[in-house]
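Asks: First the structure, then my questions, so here it is.
Just so it is clear, none of the values below were taken in a lab; they were calculated from the coordinates. These numbers were taken from a predicted model, which means no experiment stands behind them. Note that each Cβ is placed from the backbone with ideal geometry, even for glycine, and that neighbours are counted across all protein chains shown.
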């Protein structure tokens, strides 16, 4: 009478073990959600939507982007860190949520232990823009004006701990200026206040500012980069404009899965994303919005992040950037 229990147990273990690989081998068997931890219309969101559309074609499954902004990307990142590690909830993000905020503020995830890097696909430098009618014709004009507290020069940045915030504080230190950083939830809100003259200027990664400059409503002043931007070749670098030794910290765009996601699922995502980024039409689409395309697989991506963490932590300390804990 008792002989059936060991057999049933063994059969259950066999079925369980047999089913695990099958669950990964037919991935994806349902829709995928890519969480963008920044608001719509910014570089993270745009990059995520371009990738989602292409993955949907390749997988034959729904791939949707959901925006979960807040706390410079930390809210959306925490959501994905706590998601089931099955490949059906992914994160598209920029640097701050991975290489800045967790090391200077309290967040509800560990950027190293709670994620598996899939790929870095693009990057873009910071561009600083003003309304077309602004009296500041060059970035040097703006910085020199910011030495006079009466002028109350303010620049909107996409969140506390964002890369433009760090870059502007480094400029303040090197130039003796008093530009006031105003943190926003995202670049869309910055643009609105620049155009209404609530802000002197706005700073964000190039993709977030391309359309407003192209419309003629805003003017670019400078890119914070070692070289000029391909989409804004007329704009000087910060070094050209001011003579400062500042190459900046380009905003990168990359994809992550929750830690524990099966390696074969991560490998499949990586293969498909790599194929997408080799498509000349996608490269053209990415560059047309101001991204500079690159490819780093998960291993290289993780190594680069380790180096960036060290550089940014040192820069934040040097610039005395205040980030609430």
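Asks: Kindly express, to the nearest 10 degrees and within the range 0 to 90, the angle between helix 4-25's C-alpha long axis and the longest C-alpha principal axis of the chain.
Replies: 30 degrees
Asks: Another one. Roughly how many whole Å is it from the C-alpha centroid of the stretch 50-85 to that of the stretch 109-148?
Replies: Centre-to-centre (Cα) distance: 23 Å.
Asks: Next question, about the same structure. How much FRET efficiency would the formula 1/(1 + (r/R0)^6) give for residue 137 and residue 279, where r is the Cβ-Cβ distance and R0 is 41 Å, rounded to 0.05?
Replies: On the way: r = 40 Å, r/R0 = 0.98.
Plugging the Cβ-Cβ distance into 1/(1 + (r/R0)^6) gives 0.55.
Asks: Please build a GNM for the chain, connecting alpha carbons under 10 Å apart, and tell me which residue among 217, 152, 57 fluctuates the most.
Replies: Of the options given, 57 has the highest mean-square fluctuation.
Asks: Grab the Cα-Cα distance for residue 178 and residue 311, subtract it from 0.36 nm times how many residues apart they are, and report the gain in nm with one decimal. Kindly include the intermediate steps, with their values, before the conclusion.
Replies: Details: separation 133, 0.36 × 133 = 47.88 nm, distance 2.37 nm.
My answer for the length gained is 45.5 nm.
Asks: Hey, another quick one. Can you tell me the Rg and the Dmax, both Å, for the Cα atoms in the stretch 67-208?
Replies: 17.0, 55
Asks: Here is a follow-up. Roughly what % antiparallel, to the nearest 5, for the DSSP beta bridges in the chain? Numbers along the way, then the final one.
Replies: Working: 25 of 41 bridges.
About 60 percent, rounded to the nearest 5.
Asks: Taking the radius of gyration and the Kirkwood hydrodynamic radius from Cα positions alone, what is the Rg/Rh ratio for the stretch 77-147, to two decimal places? If you can, show how the numbers build up before the last one.
Replies: Values: Rg = 18.7 Å, Rh = 15.6 Å.
A ratio of 1.20.
Asks: If I stretch the segment between residue 75 and residue 113 completely, what's the gain in nm (0.36 nm per residue apart, minus their alpha carbon distance), one decimal?
Replies: Numbers: separation 38, 0.36 × 38 = 13.68 nm, distance 1.68 nm.
Stretched fully, the residue 75-residue 113 segment lengthens by 12.0 nm.
Asks: Would you work out the relative contact order for the chain, in percent, from Cα pairs under 8 angstrom that are 6 or more residues apart? Intermediate values should be presented prior to the final figure.
Replies: Working: 637 pairs, mean separation 82.0, N = 325.
After rounding, I find 25 percent.
Asks: Among 150, 203, 259, which one shows the biggest mean-square fluctuation in a GNM of the chain, springs joining Cα atoms closer than 10 Å?
Replies: Largest GNM mean-square fluctuation: 150.
Asks: Moving on to the next point. When DSSP beta bridges are limited to those with both residues in the stretch 126-242, what percentage is antiparallel, rounded to the nearest 5?
Replies: Working: 10 of 17 bridges.
Around 60 percent of the beta bridges assigned by DSSP in the stretch 126-242 are antiparallel ones.
Asks: If you don't mind, another one. Separation between the residue 234 and residue 322 pseudo-spin-labels, each 7 Å from Cα along Cα→Cβ, expressed in nm?
Replies: 3.8 nm
Asks: Once Rh is set to the Kirkwood radius over Cα pairs, what Stokes-Einstein translational diffusion coefficient, in µm²/s, holds for the stretch 126-242 at a temperature of 10 °C and a viscosity of 1.306 mPa s? It would help to have the intermediate numbers written out before the result.
Replies: Numbers: Rh = 13.7 Å.
Rounded to a whole number, D works out at 116 µm²/s.
Asks: Can you compute the helix-only [θ] at 222 nm over the chain? Use -39500 (n - 2.57) per DSSP H run of at least 4 residues, normalise by all residues, nearest 500 deg cm²/dmol. Write down the numbers at each step before the final one.
Replies: Numbers: 12 runs with 140 residues, N = 325.
After summing the helix terms and dividing by the residues of the chain, the value is -13500 deg cm²/dmol.
Asks: Let me ask you something else. Taking every alpha carbon pair in the stretch 215-325, what does the distance histogram look like in 5 angstrom bins from 0, in percent?
Replies: 2, 9, 13, 16, 17, 17, 13, 9, 4, 1
Asks: Turning to a different aspect of this structure: Please report, in whole Å, how far the alpha carbons of the chain spread along each principal axis, starting with the longest.
Replies: Each principal axis gives a Cα extent; for the chain these are 92, 41, 31 Å.
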